[in-house]
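All remarks here apply to the structure that follows.
The values are calculated or read from the model by the stated rules, or taken from the named source; none is laboratory data. All of these numbers come straight from a predicted model, not from anything done at the bench. FYI the Cβ positions are ideal-geometry reconstructions off the backbone, even for glycines, and counts take in every protein chain you see.
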Amino acid sequence: MKHEFTIGTFNIRYGSADDGLNIWDNRKELVIKSITEKLPEIIGFQEVLPFVKEYLEDNLPQYIILGTGRGEDLKDEHNCVAIRRDSFEPVSLETLWLSNTPYVPGSKLENNDGMPRICTTLVLRSKINNRLIRVFNTHLDYRFSHIRLLQLEILNRFVEEYENRLSIPTFLTGDLNCTPHSQEVDYVLKDFYIKLVDISTEKLINSNITFHDYFRGRANKSKIDYIFATANVRFIRSYIDDTVKEGVYLSDHYPVYAVVEI
């Protein structure tokens, strides 16, 4: 039996940001409405503060939301992953700090953007056909390309370790803070231990923008959010959620979704 499902990546925007019309309190009901209508089976979030995670848990009972904060106290921003309860169940969960000490909470690379960067890693079991999948969900340094490459190299060492332990269909989701023609994306596509394919290209999602900054006029709008998958995942289609209501967006990023089959 095949299992067709939707996996997404969604930088939900720092919930305390002073975004005028687009502050979290104005966006949060729209976020819940959008997710409830689309009901993706898996969503890799970024920039989820604890009070935002609590709101998602309270208002999305269809999901279990897994992951911890990136700070030394395991608070601050989460790269949590929402799993629809009727579709998958968690088998394992691990948080990796993208530093030279990946198991030390709050650790970070020298000369980075000042913030710990993490990857939330899960193995999930399909409730439809019992197959296992692995999901890596991350958010890389926002300032420096060489730091992002170092973070990806750290992650790749764990990709190799996990793959050698158990080879299963694998996804990498997240805000990589770099464009499709960057050396970072090139590294993911060419140098990762497992062969990954970008199933969220500009052509596939019919947009060259995922980060739009609420279209406030600055020139840094670009495609920086990705869903990669191994070749043993059958790709069906992908798209962005460009919902906007009376000038209020879901976030300063568009959520990106891919429909796949295992």
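Let's see how each residue does on (1) free of Cβ contacts under 8 Å to residues at least 24 places away in the same chain; (2) under 22 Å from SER126 (Cα atoms); (3) in a strand (DSSP E or B):
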position: TYR214; (1), (2), (3): no, no, no
position: GLY217; (1), (2), (3): yes, no, no
position: ASN220; (1), (2), (3): yes, no, no
position: ILE227; (1), (2), (3): no, yes, yes
position: ARG237; (1), (2), (3): no, yes, yes
position: ASP242; (1), (2), (3): no, no, no
position: SER251; (1), (2), (3): no, no, no
position: TYR257; (1), (2), (3): no, yes, yes
position: VAL260; (1), (2), (3): no, yes, yes
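Being without any contact (Cβ under 8 Å) to a residue 40 or more places away in the chain and of a type in the set (Val, Ile, Thr): is that true of ILE43 here?
When the stated conditions are applied, ILE43 does not pass them.
Which condition number in (1) more than 16 Å from the chain's Cα centre (by Cα); (2) buried (at least 19 other Cβ atoms within 10 Å of the Cβ); (3) touching a residue at least 40 places away in the same chain (Cβ under 8 Å) is the one that ILE147 fails?
Only one criterion in (1) more than 16 Å from the chain's Cα centre (by Cα); (2) buried (at least 19 other Cβ atoms within 10 Å of the Cβ); (3) touching a residue at least 40 places away in the same chain (Cβ under 8 Å) is unmet by ILE147, namely (3).
Surrounded by 14 or more Cβ atoms within 10 Å (Cβ to Cβ), modelled with pLDDT of 95 or more and either under 29 Å from VAL233 (Cβ atoms) or of a type in the set (Lys, Arg) (or both): which single residue out of GLU4, GLU89, GLU41 fits that description?
Being surrounded by 14 or more Cβ atoms within 10 Å (Cβ to Cβ), modelled with pLDDT of 95 or more and either under 29 Å from VAL233 (Cβ atoms) or of a type in the set (Lys, Arg) (or both) holds for just one of GLU4, GLU89, GLU41, which is GLU41.
Considering only the stretch 186-237, state which residues are in contact with a Lys or Arg (Cβ under 7 Å, 6 or more places away or on another chain) and within 30 Å of MET1 (Cβ to Cβ).
Of everything in the stretch 186-237, those that are in contact with a Lys or Arg (Cβ under 7 Å, 6 or more places away or on another chain) and within 30 Å of MET1 (Cβ to Cβ) turn out to be THR230, ALA231.
How many residues are buried (at least 17 other Cβ atoms within 10 Å of the Cβ) and either in contact with a helix residue (DSSP H, G or I) (Cβ under 9 Å, 6 or more places away or on another chain) or closer than 21 Å to LEU189 by Cβ (or both) if we restrict to the stretch 208-220?
Total meeting the criteria: 4.
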